[in-house]
Amino acid sequence: MFVDVPSRQHTHPRWVTPVLVVACVACYLWLMLSATATRYVLLGDWGTVPGRLFQHGQILHAGLWLRPFTSLFMHADWVHLLGNMLFLVIFGLPAERALGSRRFLFLFLVGGAFANLVGAWTLSGQLRPIIGCSGAVSATLGAYLALFPRAHLGLVLPLGLYLQFIRVPAALLIGMWVLLQLLFTWAGPGFGAVVWWAHLAGFGFGILFALVSRGAVERRLRRRSY
């Protein structure tokens, strides 16, 4: 697993990341506690369904443009939820600290919606909904890499009965993650029911957003240092 190595710099409270985690967990519990038939109806109504989204320009009608946003808070099972929340906390907290809460919220929502749209476009005609915030988490990873290219993360390795803690460049770990996404994209649906292109689209969005926000981030850091 990964462990964030904290900075010594004093920071302002970061509220967006915890709120997003609570919202995703609450939505998951709500879905799991619903009747099976109701759950499937909700997933179909509020998930990103490629076959409906791009059919005859329907995205501009009946509020379908909201679906790439609402689907971010819906997850298929607890493993799906736990994986996304773990990466969101590890990379989201430092990214929010650098970007500011409002910019980070924009990154999560718009980056995640963009990733879902790209994923839906690659699966046009499919009626299975795209759900989960993997695209938004991927955008967070991209922003983290652009903001902290020389950062290190702690990696806990199990060595028999002992645990070894080592510091590894974040760029190396994230680069390995990107290579895996490319590999899985090439493998296609045969390697799991995951929209790999959405991950790559979100990652690219996050890098671009962080680069565009670099000036604002530098001004924030200068103000905080006074």
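Is one or more of the residues making up region 85-106 of a type in the set (Val, Ile, Thr), under 12 Å from the mean Cα position of the chain (by Cα) and within 15 Å of residue 200 (Cα to Cα)? No, region 85-106 contains no residue that is of a type in the set (Val, Ile, Thr), under 12 Å from the mean Cα position of the chain (by Cα) and within 15 Å of residue 200 (Cα to Cα).
Out of the residues in region 183-226 that are of a type in the set (Gly, Ala, Ser) and modelled with pLDDT under 70, which is nearest to residue 103 (Cα to Cα)? Among those residues, the one meeting the criterion is 225. Scanning region 103-143 for residues that are of a type in the set (S, T, N, Q) and either surrounded by fewer than 20 Cβ atoms within 10 Å (Cβ to Cβ) or free of Cβ contacts under 8 Å to residues at least 40 places away in the same chain (or both) yields a count of 3. For residues in region 144-171 being surrounded by 11 or more Cβ atoms within 10 Å (Cβ to Cβ) and farther than 23 Å from residue 108 by Cα, which is modelled with the highest pLDDT? Among those residues, the one meeting the criterion is 169. What do you reckon, is residue 127 in a helix (DSSP H, G or I) and aliphatic (A, V, I, L, M)? Here the answer is no, as residue 127 does not meet what is asked.
Is it the case that residue 46 is closer than 21 Å to residue 83 by Cα, at pLDDT 75 or above and more than 17 Å from the chain's Cα centre (by Cα)? Against the criterion (closer than 21 Å to residue 83 by Cα, at pLDDT 75 or above and more than 17 Å from the chain's Cα centre (by Cα)), residue 46 does not qualify.
Of everything in region 8-33, what is in a loop (DSSP other than H, G, I, E, B), among the polar types (S, T, N, Q) and at pLDDT 90 or above? Give them in sequence order. None; the set is empty.
The values are calculated or read from the model by the stated rules, or taken from the named source; none is laboratory data. On a predicted model such as this, the values are computed, not experimentally measured, just so you know. With ideal geometry, Cβ positions are generated from the backbone for all residues, glycine too; neighbour counts draw on all protein chains shown.
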